[in-house]
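Working notes, structure below.
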Amino acid sequence: MVAFRLDPRLQGRVDASDIIQEAHLEAAAHREDYFRHGELPLFLWLRGVVGNKLLKFTATIWGRACATPRGMFASLIEQRRMRRPWH
């Protein structure tokens, strides 16, 4: 999942295994919350943890706070508009 969703421009700077490792640490730290309120299957909860970690990692690398995928998408669109003055 991480290798597939990782921005191609970051592949030389970030390794997917680093993001997975960080996500495992965060999941281990919050596992009691999951077992206390386990509304989702474990697989989906872990996938969410990894997805959130990937978003945070990407925002940190780009040097701006993007709290949501929509915010990241909007900022990428803005970058492309700045590069294309004819639009």
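The values are calculated or read from the model by the stated rules, or taken from the named source; none is laboratory data. These numbers come from a predicted model, not from an experiment. Quick note on the areas: whole protein, heavy atoms, side chains included, nothing else; ligands and nucleic acids left out. Shrake-Rupley method; radii C 1.70, N 1.55, O 1.52, S 1.80 Å.
When the range 1-23 is filtered for residues that are over 16 Å from residue 45 (Cα atoms) and among the charged types (D, E, K, R), the ones remaining, listed by number, are 5, 7, 9, 13, 15, 18. Restricting attention to the range 1-48 and to residues that are of a type in the set (S, T, N, Q) and assigned to a helix (DSSP H, G or I), the residue that is most open to solvent (accessible area, probe 1.4 Å) turns out to be 21.
With respect to the conditions (1) within 16 Å of the chain's Cα centre (by Cα); (2) farther than 15 Å from residue 56 by Cα, residue 18 lacks only one, and its number is (2).
Of the residues making up the range 56-79, one or more are under 22 Å from residue 3 (Cα atoms), open to solvent by 50 Å² or more (accessible area, probe 1.4 Å) and at pLDDT 85 or above.
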